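Just below is one structure, and these are the notes that go with it.
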Amino acid sequence: MGNRPTIADIAKRVGVSPGAVSFALNGRPGVSEQTRARILETAREMNWRPHRAARALGGAQAGVVGLVLARDPRTLGSEQFYTQILYGMQDVLSAGSSAVQMQLVRDTAAEIDLYRHWASEHRVDGLVLVDLQLDDPRIEVIRELAIPAVTLGLPATPSTVGPSAEAGQLTSVWADDAEAMTTIVDYLAALDHRRIAHVAGPPVYVHTARRAAALREQATARGLTAAESVPTDFSDAQGAAATRALLSRADRPTAIIYDSDLMAAAGLGVALEMGIDVPRRLSIVSFDDSVLTRIVHPALTCLSRDTYALGAQVATSLLAAIANPSSRESIRTETPRLVVRGSTTRPT
(Lines give C-alpha, C1' and ligand atoms only; values in the text may rest on other atoms or scores of the structure.)
Protein backbone atom coordinates (compact mmCIF):
# COMPACT_ATOMS: atom_id res chain seq x y z
CA MET A 1 0.00 0.00 0.00
CA GLY A 2 1.30 3.51 -0.81
CA ASN A 3 1.59 6.38 1.62
CA ARG A 4 -1.88 7.59 0.73
CA PRO A 5 -4.61 4.95 1.16
CA THR A 6 -7.08 4.69 -1.69
CA ILE A 7 -10.66 3.51 -2.05
CA ALA A 8 -9.27 0.25 -3.48
CA ASP A 9 -7.15 -0.24 -0.34
CA ILE A 10 -10.22 0.21 1.88
CA ALA A 11 -12.26 -2.16 -0.31
CA LYS A 12 -9.56 -4.85 -0.06
CA ARG A 13 -9.39 -4.60 3.74
CA VAL A 14 -13.18 -4.67 4.23
CA GLY A 15 -13.76 -7.30 1.54
CA VAL A 16 -16.17 -5.32 -0.61
CA SER A 17 -16.04 -3.71 -4.05
CA PRO A 18 -14.51 -0.25 -4.62
CA GLY A 19 -17.96 0.87 -5.76
CA ALA A 20 -19.46 -0.05 -2.40
CA VAL A 21 -16.73 1.95 -0.65
CA SER A 22 -17.45 4.96 -2.87
CA PHE A 23 -21.18 4.73 -2.06
CA ALA A 24 -20.47 4.55 1.68
CA LEU A 25 -17.94 7.40 1.77
CA ASN A 26 -20.18 9.70 -0.25
CA GLY A 27 -23.35 8.90 1.74
CA ARG A 28 -25.10 7.31 -1.22
CA PRO A 29 -27.55 4.39 -1.04
CA GLY A 30 -26.51 0.94 -2.26
CA VAL A 31 -24.87 -0.57 0.81
CA SER A 32 -26.29 -1.77 4.10
CA GLU A 33 -25.87 0.33 7.24
CA GLN A 34 -23.71 -2.40 8.75
CA THR A 35 -21.38 -2.42 5.74
CA ARG A 36 -21.34 1.38 5.64
CA ALA A 37 -20.28 1.48 9.29
CA ARG A 38 -17.46 -1.02 8.66
CA ILE A 39 -16.24 0.99 5.68
CA LEU A 40 -16.28 4.30 7.54
CA GLU A 41 -14.48 2.78 10.53
CA THR A 42 -11.81 1.26 8.27
CA ALA A 43 -11.36 4.56 6.41
CA ARG A 44 -10.86 6.29 9.76
CA GLU A 45 -8.33 3.70 10.92
CA MET A 46 -6.39 4.04 7.64
CA ASN A 47 -6.49 7.85 7.88
CA TRP A 48 -8.11 8.05 4.45
CA ARG A 49 -8.79 11.52 3.03
CA PRO A 50 -10.54 12.42 -0.24
CA HIS A 51 -8.16 13.31 -3.08
CA ARG A 52 -8.53 16.99 -3.96
CA ALA A 53 -8.23 16.41 -7.69
CA ALA A 54 -10.93 13.78 -7.59
CA ARG A 55 -13.17 16.12 -5.61
CA ALA A 56 -12.59 18.88 -8.13
CA LEU A 57 -13.50 16.60 -11.02
CA GLY A 58 -16.76 16.03 -9.21
CA GLY A 59 -17.36 19.77 -8.96
CA ALA A 60 -16.41 20.16 -5.28
CA GLN A 61 -14.39 23.16 -4.13
CA ALA A 62 -11.27 22.98 -1.99
CA GLY A 63 -12.52 25.57 0.49
CA VAL A 64 -9.11 27.27 0.42
CA VAL A 65 -7.69 30.38 -1.25
CA GLY A 66 -3.97 30.89 -1.74
CA LEU A 67 -1.69 33.81 -0.87
CA VAL A 68 2.02 33.50 -1.69
CA LEU A 69 4.65 35.97 -0.51
CA ALA A 70 8.03 36.05 -2.24
CA ARG A 71 9.62 37.95 0.64
CA ASP A 72 12.36 37.49 3.21
CA PRO A 73 10.57 36.14 6.31
CA ARG A 74 12.91 38.19 8.50
CA THR A 75 11.39 41.41 7.15
CA LEU A 76 7.82 40.10 7.18
CA GLY A 77 8.08 39.20 10.84
CA SER A 78 8.32 42.88 11.76
CA GLU A 79 5.51 44.12 9.49
CA GLN A 80 1.83 44.23 10.42
CA PHE A 81 0.54 44.95 6.91
CA TYR A 82 0.16 41.36 5.74
CA THR A 83 -0.95 40.19 9.19
CA GLN A 84 -3.88 42.60 9.05
CA ILE A 85 -4.60 41.67 5.42
CA LEU A 86 -4.80 38.00 6.46
CA TYR A 87 -7.06 38.75 9.42
CA GLY A 88 -9.42 40.75 7.22
CA MET A 89 -9.49 38.05 4.55
CA GLN A 90 -10.09 35.23 7.00
CA ASP A 91 -12.95 37.06 8.69
CA VAL A 92 -14.85 37.13 5.38
CA LEU A 93 -13.81 33.66 4.25
CA SER A 94 -14.73 31.99 7.53
CA ALA A 95 -18.37 32.93 7.00
CA GLY A 96 -18.32 30.65 3.96
CA SER A 97 -16.27 27.90 5.65
CA SER A 98 -13.18 28.79 3.61
CA ALA A 99 -9.62 29.50 4.74
CA VAL A 100 -6.45 31.23 3.58
CA GLN A 101 -3.37 29.18 2.82
CA MET A 102 -0.34 31.47 2.98
CA GLN A 103 3.10 30.33 1.92
CA LEU A 104 6.50 32.03 1.75
CA VAL A 105 8.78 31.35 -1.20
CA ARG A 106 12.23 32.57 -2.22
CA ASP A 107 11.35 34.28 -5.53
CA THR A 108 8.82 34.73 -8.34
CA ALA A 109 9.90 31.55 -10.13
CA ALA A 110 9.19 29.51 -7.01
CA GLU A 111 5.87 31.31 -6.64
CA ILE A 112 4.85 30.36 -10.17
CA ASP A 113 5.91 26.74 -9.58
CA LEU A 114 3.71 26.66 -6.50
CA TYR A 115 0.74 28.01 -8.48
CA ARG A 116 1.18 25.22 -11.03
CA HIS A 117 1.39 22.63 -8.25
CA TRP A 118 -1.72 23.94 -6.54
CA ALA A 119 -3.61 23.99 -9.85
CA SER A 120 -2.60 20.43 -10.75
CA GLU A 121 -3.94 19.12 -7.44
CA HIS A 122 -6.89 21.55 -7.22
CA ARG A 123 -5.66 22.70 -3.81
CA VAL A 124 -7.09 26.22 -4.00
CA ASP A 125 -10.26 27.79 -5.39
CA GLY A 126 -8.63 31.17 -6.02
CA LEU A 127 -5.50 33.26 -5.57
CA VAL A 128 -4.53 36.68 -4.25
CA LEU A 129 -1.53 38.24 -6.02
CA VAL A 130 0.48 40.84 -4.09
CA ASP A 131 3.64 42.86 -4.76
CA LEU A 132 2.73 43.33 -8.42
CA GLN A 133 5.68 43.72 -10.75
CA LEU A 134 6.30 45.66 -13.93
CA ASP A 135 5.61 43.20 -16.76
CA ASP A 136 4.47 40.71 -14.13
CA PRO A 137 4.97 37.12 -15.41
CA ARG A 138 2.45 35.73 -12.92
CA ILE A 139 -0.56 37.25 -14.63
CA GLU A 140 -0.18 35.24 -17.83
CA VAL A 141 0.40 32.07 -15.80
CA ILE A 142 -2.80 32.66 -13.82
CA ARG A 143 -4.72 33.13 -17.06
CA GLU A 144 -3.18 29.94 -18.46
CA LEU A 145 -4.11 27.96 -15.34
CA ALA A 146 -7.63 29.45 -15.35
CA ILE A 147 -7.63 30.02 -11.59
CA PRO A 148 -9.85 32.86 -10.31
CA ALA A 149 -7.60 35.56 -8.88
CA VAL A 150 -7.56 39.05 -7.43
CA THR A 151 -4.59 41.41 -7.48
CA LEU A 152 -3.87 43.67 -4.52
CA GLY A 153 -2.86 46.67 -6.62
CA LEU A 154 -3.20 47.48 -10.31
CA PRO A 155 -0.95 45.64 -12.77
CA ALA A 156 1.12 47.63 -15.28
CA THR A 157 3.42 47.11 -18.26
CA PRO A 158 7.15 48.00 -18.32
CA SER A 159 6.43 51.12 -20.38
CA THR A 160 4.00 52.65 -17.91
CA VAL A 161 3.40 52.80 -14.21
CA GLY A 162 -0.23 53.70 -14.69
CA PRO A 163 -3.21 51.42 -15.41
CA SER A 164 -2.78 49.40 -18.59
CA ALA A 165 -4.48 46.73 -20.67
CA GLU A 166 -3.13 44.17 -18.21
CA ALA A 167 -5.28 45.68 -15.48
CA GLY A 168 -8.45 44.37 -17.10
CA GLN A 169 -7.30 40.75 -17.11
CA LEU A 170 -7.93 40.13 -13.40
CA THR A 171 -10.08 41.66 -10.70
CA SER A 172 -8.05 44.28 -8.82
CA VAL A 173 -8.38 45.91 -5.41
CA TRP A 174 -6.15 48.97 -5.20
CA ALA A 175 -5.35 52.35 -3.72
CA ASP A 176 -3.72 55.20 -5.65
CA ASP A 177 0.00 55.11 -4.75
CA ALA A 178 0.70 58.23 -6.79
CA GLU A 179 -1.97 60.20 -4.94
CA ALA A 180 -0.62 58.91 -1.62
CA MET A 181 2.89 60.12 -2.46
CA THR A 182 1.49 63.46 -3.61
CA THR A 183 -0.23 63.85 -0.23
CA ILE A 184 3.12 63.45 1.54
CA VAL A 185 5.01 65.79 -0.79
CA ASP A 186 2.28 68.44 -0.50
CA TYR A 187 2.65 68.36 3.28
CA LEU A 188 6.47 68.44 3.28
CA ALA A 189 6.59 71.22 0.68
CA ALA A 190 4.17 73.26 2.78
CA LEU A 191 6.73 72.95 5.60
CA ASP A 192 9.37 74.41 3.23
CA HIS A 193 11.29 71.19 2.66
CA ARG A 194 13.23 71.52 -0.60
CA ARG A 195 15.43 68.38 -0.51
CA ILE A 196 13.31 65.24 -0.15
CA ALA A 197 14.53 61.64 -0.41
CA HIS A 198 12.52 58.44 -0.76
CA VAL A 199 13.84 55.17 0.70
CA ALA A 200 11.85 52.81 -1.50
CA GLY A 201 11.25 49.12 -2.00
CA PRO A 202 12.54 47.10 -4.97
CA PRO A 203 12.13 49.04 -8.25
CA VAL A 204 10.55 46.01 -9.94
CA TYR A 205 7.39 46.52 -7.87
CA VAL A 206 4.62 48.58 -9.46
CA HIS A 207 3.82 50.46 -6.25
CA THR A 208 7.50 51.45 -5.89
CA ALA A 209 7.59 52.72 -9.47
CA ARG A 210 4.38 54.70 -9.08
CA ARG A 211 5.52 56.34 -5.86
CA ALA A 212 8.91 57.23 -7.32
CA ALA A 213 7.32 58.66 -10.47
CA ALA A 214 4.91 60.77 -8.39
CA LEU A 215 7.81 62.15 -6.33
CA ARG A 216 9.68 63.16 -9.49
CA GLU A 217 6.58 64.79 -10.96
CA GLN A 218 5.86 66.74 -7.77
CA ALA A 219 9.50 67.80 -7.47
CA THR A 220 9.37 69.26 -10.98
CA ALA A 221 6.01 70.92 -10.44
CA ARG A 222 7.13 72.50 -7.16
CA GLY A 223 10.69 73.29 -8.18
CA LEU A 224 12.24 71.26 -5.38
CA THR A 225 16.02 71.34 -5.11
CA ALA A 226 16.36 67.54 -4.88
CA ALA A 227 14.07 64.50 -4.95
CA GLU A 228 15.59 61.02 -5.16
CA SER A 229 14.29 57.47 -4.69
CA VAL A 230 16.76 54.92 -3.30
CA PRO A 231 15.76 51.25 -3.81
CA THR A 232 16.05 48.66 -1.01
CA ASP A 233 14.75 45.18 -0.22
CA PHE A 234 12.41 46.53 2.52
CA SER A 235 14.74 45.26 5.29
CA ASP A 236 15.75 47.37 8.25
CA ALA A 237 19.41 46.78 7.34
CA GLN A 238 19.08 48.23 3.85
CA GLY A 239 16.79 50.98 5.11
CA ALA A 240 19.45 51.97 7.64
CA ALA A 241 22.24 51.78 5.03
CA ALA A 242 20.32 53.96 2.57
CA THR A 243 19.63 56.50 5.32
CA ARG A 244 23.27 56.62 6.40
CA ALA A 245 24.39 57.22 2.81
CA LEU A 246 21.84 60.02 2.31
CA LEU A 247 22.68 61.75 5.58
CA SER A 248 26.42 61.57 4.92
CA ARG A 249 26.11 63.93 1.95
CA ALA A 250 27.01 67.60 2.17
CA ASP A 251 23.60 68.46 0.70
CA ARG A 252 21.71 65.87 2.70
CA PRO A 253 17.90 65.78 2.52
CA THR A 254 15.83 67.61 5.10
CA ALA A 255 13.05 65.04 4.79
CA ILE A 256 13.00 61.30 4.03
CA ILE A 257 9.94 59.28 3.03
CA TYR A 258 10.10 55.53 3.74
CA ASP A 259 8.09 52.81 2.01
CA SER A 260 7.67 50.87 5.28
CA ASP A 261 7.53 51.63 8.98
CA LEU A 262 10.31 49.10 9.64
CA MET A 263 12.70 51.07 7.44
CA ALA A 264 11.46 54.37 8.86
CA ALA A 265 12.22 53.21 12.40
CA ALA A 266 15.67 52.03 11.28
CA GLY A 267 16.25 55.38 9.57
CA LEU A 268 15.28 57.23 12.74
CA GLY A 269 17.84 55.21 14.66
CA VAL A 270 20.57 56.10 12.17
CA ALA A 271 19.74 59.82 12.31
CA LEU A 272 19.92 59.84 16.10
CA GLU A 273 23.18 57.85 16.00
CA MET A 274 24.65 60.50 13.67
CA GLY A 275 23.55 63.30 15.97
CA ILE A 276 20.92 64.62 13.55
CA ASP A 277 17.90 65.94 15.40
CA VAL A 278 14.53 64.60 14.33
CA PRO A 279 12.43 66.53 13.39
CA ARG A 280 14.27 69.89 13.47
CA ARG A 281 17.06 68.85 11.10
CA LEU A 282 15.40 65.84 9.50
CA SER A 283 11.71 65.05 9.03
CA ILE A 284 10.66 61.41 8.63
CA VAL A 285 7.45 60.07 7.05
CA SER A 286 6.40 56.42 6.68
CA PHE A 287 4.07 54.92 4.08
CA ASP A 288 2.85 52.39 6.69
CA ASP A 289 1.18 52.90 10.04
CA SER A 290 1.57 50.25 12.72
CA VAL A 291 2.28 50.16 16.42
CA LEU A 292 5.96 50.57 15.54
CA THR A 293 5.36 54.13 14.31
CA ARG A 294 3.83 55.05 17.67
CA ILE A 295 6.28 53.47 20.12
CA VAL A 296 9.47 55.08 18.75
CA HIS A 297 10.47 58.59 19.81
CA PRO A 298 9.54 60.83 18.24
CA ALA A 299 6.44 59.04 16.96
CA LEU A 300 6.41 58.85 13.16
CA THR A 301 4.23 60.85 10.79
CA CYS A 302 2.72 58.32 8.40
CA LEU A 303 0.03 57.36 5.95
CA SER A 304 -2.69 55.35 7.64
CA ARG A 305 -5.49 53.15 6.34
CA ASP A 306 -7.71 50.35 7.58
CA THR A 307 -5.65 47.40 6.39
CA TYR A 308 -8.05 44.92 8.01
CA ALA A 309 -10.89 46.33 5.89
CA LEU A 310 -8.63 46.15 2.84
CA GLY A 311 -8.11 42.42 3.46
CA ALA A 312 -11.86 41.95 3.85
CA GLN A 313 -12.44 43.68 0.50
CA VAL A 314 -9.85 41.46 -1.16
CA ALA A 315 -11.58 38.33 0.15
CA THR A 316 -15.02 39.59 -0.89
CA SER A 317 -13.76 40.33 -4.39
CA LEU A 318 -12.06 36.95 -4.66
CA LEU A 319 -15.22 35.10 -3.63
CA ALA A 320 -17.09 37.02 -6.35
CA ALA A 321 -14.41 36.05 -8.89
CA ILE A 322 -14.68 32.39 -7.84
CA ALA A 323 -18.45 32.50 -8.20
CA ASN A 324 -18.16 34.17 -11.61
CA PRO A 325 -14.72 33.53 -13.18
CA SER A 326 -15.52 35.73 -16.17
CA SER A 327 -16.00 38.85 -14.01
CA ARG A 328 -13.34 41.59 -14.10
CA GLU A 329 -13.67 44.35 -11.51
CA SER A 330 -11.39 47.26 -10.64
CA ILE A 331 -12.14 48.31 -7.07
CA ARG A 332 -10.44 51.48 -5.92
CA THR A 333 -10.18 51.80 -2.14
CA GLU A 334 -9.74 54.98 -0.15
CA THR A 335 -6.35 56.69 -0.45
CA PRO A 336 -4.45 56.43 2.87
CA ARG A 337 -4.72 59.56 5.01
CA LEU A 338 -1.79 61.46 6.48
CA VAL A 339 -1.41 61.25 10.27
CA VAL A 340 0.95 63.95 11.56
CA ARG A 341 3.08 63.07 14.59
CA GLY A 342 6.31 64.27 16.12
CA SER A 343 8.76 63.26 13.37
CA THR A 344 7.99 66.18 11.03
CA THR A 345 8.34 69.95 11.26
CA ARG A 346 9.87 72.86 9.36
CA PRO A 347 13.60 72.43 8.72
CA THR A 348 16.00 74.61 10.73
C-alpha center-to-center spacing [region 95-135, region 210-225] in angstrom
35
Given the rule -39500 (n - 2.57) for each run of at least 4 DSSP H residues, summed and divided by the residues of the chain, what is its mean residue ellipticity at 222 nm, to the nearest 500 deg cm²/dmol?
-13500 deg cm²/dmol
Volume per residue of the C-alpha convex hull in the chain, rounded to whole Å³
151
Taking one equal scatterer on every alpha-carbon of region 210-259, how large is log10 of I(q)/I(0) by Debye at q = 0.13, 0.19, 0.26, 0.28 1/Å?
-0.33, -0.68, -1.09, -1.16
If you rank PHE287, PHE23 by how much accessible surface each has, with a 1.4 Å probe, what is the order from largest down?
PHE23, PHE287
Alpha-carbon radius of gyration plus Dmax, which is the widest Cα pair, for region 273-329 in Å
19.1, 58
Considering the Cα positions of region 64-137, please state its Rg to one decimal place and its Dmax as a whole number of Å.
12.8, 35
Sort SER260, SER326 by accessible area with a 1.4 Å probe, largest first.
SER326, SER260
Would you work out what percent of the accessible area of the chain, with all protein chains in place, is carbon or sulfur (probe 1.4 Å)?
50
Which of ALA299, THR108, ALA241, positive extreme of dipole for the chain (C-beta unit charges):
THR108
Cα pair distances in region 235-319, grouped into 5 Å bins until the bin that holds the longest one, percent each
3, 15, 25, 21, 13, 7, 6, 5, 3, 2, 0
Result for the chain: accessible area per residue, probe 1.4 angstrom, in square angstrom, of 46
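Only helices at least 15 Å long along their axis, Cα-based, and averaging 1.0 or more on Kyte-Doolittle count here, so list those DSSP H runs from the chain. Each step should come with its number before you reach the end.
Details: long enough: 33-45 (18 Å, -1.31); 81-94 (20 Å, 0.43); 108-120 (18 Å, -0.36); 177-190 (20 Å, 0.60); 206-222 (24 Å, -0.64); 236-247 (16 Å, 0.33); 261-273 (18 Å, 1.30); 307-323 (24 Å, 1.38).
Those that pass (Cα extent of 15 Å or more, hydropathy at least 1.0) are 261-273, 307-323.
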Values of log10 I(q)/I(0), in the order q = 0.08, 0.19 Å⁻¹, for region 106-252 under a Debye, Cα-only, solvent-free model
-0.29, -1.13
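What FRET efficiency comes out for the pair ASP107/LEU25, r = Cβ-Cβ distance, R0 = 56 Å, nearest 0.05? Write down the numbers at each step before the final one.
Values: r = 40 Å, r/R0 = 0.72.
For R0 = 56 Å, the calculated efficiency reads 0.90.
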So the pair-distance distribution of region 164-314, from every Cα-Cα distance in 10 Å bins, comes to percents of 11, 41, 35, 11, 2, 0
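The values are calculated or read from the model by the stated rules, or taken from the named source; none is laboratory data. Computed from a predicted model, the values in this text were never measured in an experiment. Don't worry about glycine lacking a Cβ; one is built from the backbone with ideal geometry, like all the others, and counts go over all protein chains shown. Ligands, DNA and RNA are excluded from the accessible area calculation, which covers all protein heavy atoms including side chains. Shrake-Rupley method; radii C 1.70, N 1.55, O 1.52, S 1.80 Å.
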